[in-house]
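Below is one structure, written out as structure tokens, with a few remarks after it.
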Amino acid sequence: MAEHRLIERMIEILNTELKAIQANKEVDPVFIDNVVDFVRTYADQTHHGKEEDILFRELKKKDLKPEHEATMNELIQEHIFGRKTTGELVEENRKYAQGDKGALNTIIEKIETLVGFYPKHIEKEDKHFFIPVMKYFSKEEQDAMLEEGQIYDRRMIHRKYDALVNDYEKVRDITSRTQKEDWIKYM
């Protein structure tokens, strides 16, 4: 839940910028790129990644109450929605940066969607899910998940830049001189 506080701060920055975009009828594509990088890397891959790859995986092994299982499934769908909306923002920002000023309205719409989405999503996780589902786990299980999450965080920077290099190699049709093994798991 501590990670939510940083996400909330970025959403507040995005909301402030949204008002400036609406008033000035222009957007800074680099600002949008930076927000997208934050949302994709921190909010989605790091934060949602730990939820999906650790917490939800472990919860699926438990005999959940129907309301907890339903909420978990809603959260998974919300993560998918956030990824889709962010991807659409990326595409519209690309168009805008290439001179398509008509993309501005869709950029505004996507930012409004994200600014509305994240606070509700965070509230659902904080107040209606994370605390109640911790009762399914022993102290030892909670500690093990926390440790796994710390390892997950340590590997994130390596995953991010490994993906960047892989993407550039594909675009430039370059065969990597190193093996494509999962070297990150050793970090």
* Restricting to the range 127-147, what's the tally of residues that are under 16 Å from residue 1 (Cα atoms) and either in contact (Cβ under 8 Å) with a residue 40 or more places away in the chain or among the aliphatic types (A, V, I, L, M) (or both)? -> 9
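Mind listing just one residue for me: the one in the range 103-156 that is of a type in the set (Ser, Thr, Tyr) and closer than 28 Å to residue 63 by Cα and, of those, nearest to the chain's Cα centre (by Cα)?
Restricting attention to the range 103-156, the residues satisfying the condition of being of a type in the set (Ser, Thr, Tyr) are 106, 113, 118, 136, 138, 152.
Okay, now just the ones that are also closer than 28 Å to residue 63 by Cα, so 136, 138, 152.
Numbers: 136: 25, 138: 28, 152: 14 Å.
Selected residue: 152.
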* To do: May I ask you to list the residues in the range 14-32 that are under 22 Å from the mean Cα position of the chain (by Cα), surrounded by 13 or more Cβ atoms within 10 Å (Cβ to Cβ) and in a helix (DSSP H, G or I)?
  => 14, 15, 17, 18, 29, 31, 32
* Kindly list, by first and then second residue, each pair from a residue in the range 48-77 that is without any contact (Cβ under 8 Å) to a residue 24 or more places away in the chain and not assigned by TED's automatic domain parsing to the domain that holds residue 38 to a residue that is in a helix (DSSP H, G or I) and of a type in the set (Phe, Trp, Tyr), limited to pairs with Cβ atoms under 8 Å and residues at least 6 apart or on different chains. => none
* To do: With the condition kept exactly as written, say whether any residue in the range 42-50 is over 22 Å from residue 152 (Cα atoms), assigned to a helix (DSSP H, G or I) and not aliphatic (A, V, I, L, M).
  => no
* Asked: Across the range 18-29, what is the total count of residues that are under 15 Å from residue 92 (Cβ atoms) and free of Cβ contacts under 8 Å to residues at least 40 places away in the same chain?
  -> 1
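If we scan the range 82-93, do we find a residue that is under 26 Å from residue 152 (Cβ atoms), among the hydroxyl-bearing types (Ser, Thr, Tyr) and either loosely packed, with under 13 Cβ neighbours inside 10 Å or under 14 Å from the mean Cα position of the chain (by Cα) (or both)? Break it down into steps so the answer makes sense when it comes.
Narrowing the range 82-93 to residues under 26 Å from residue 152 (Cβ atoms): 82-87, 89-90.
Now narrow it down to the ones that are among the hydroxyl-bearing types (Ser, Thr, Tyr): 85-86.
Right, trim to either loosely packed, with under 13 Cβ neighbours inside 10 Å or under 14 Å from the mean Cα position of the chain (by Cα) (or both) and you get 85-86.
Yes, some residue in the range 82-93 is under 26 Å from residue 152 (Cβ atoms), among the hydroxyl-bearing types (Ser, Thr, Tyr) and either loosely packed, with under 13 Cβ neighbours inside 10 Å or under 14 Å from the mean Cα position of the chain (by Cα) (or both).
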* Among the residues of the range 131-162 satisfying the criterion of being surrounded by 11 or more Cβ atoms within 10 Å (Cβ to Cβ) and of a type in the set (Ser, Thr, Tyr), which is farthest from residue 71 (Cα to Cα)? -> 152
* Does the range 63-72 contain at least one residue that is farther than 30 Å from residue 142 by Cα and out of contact with any helix residue (DSSP H, G or I) (no Cβ under 8 Å at 6 or more places or on another chain)? -> no
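The values are calculated or read from the model by the stated rules, or taken from the named source; none is laboratory data. For clarity, every value in this text was computed on a predicted model and none was experimentally measured. Positions of Cβ are backbone-derived with ideal geometry, glycine not excepted, and every protein chain shown enters the neighbour counts.
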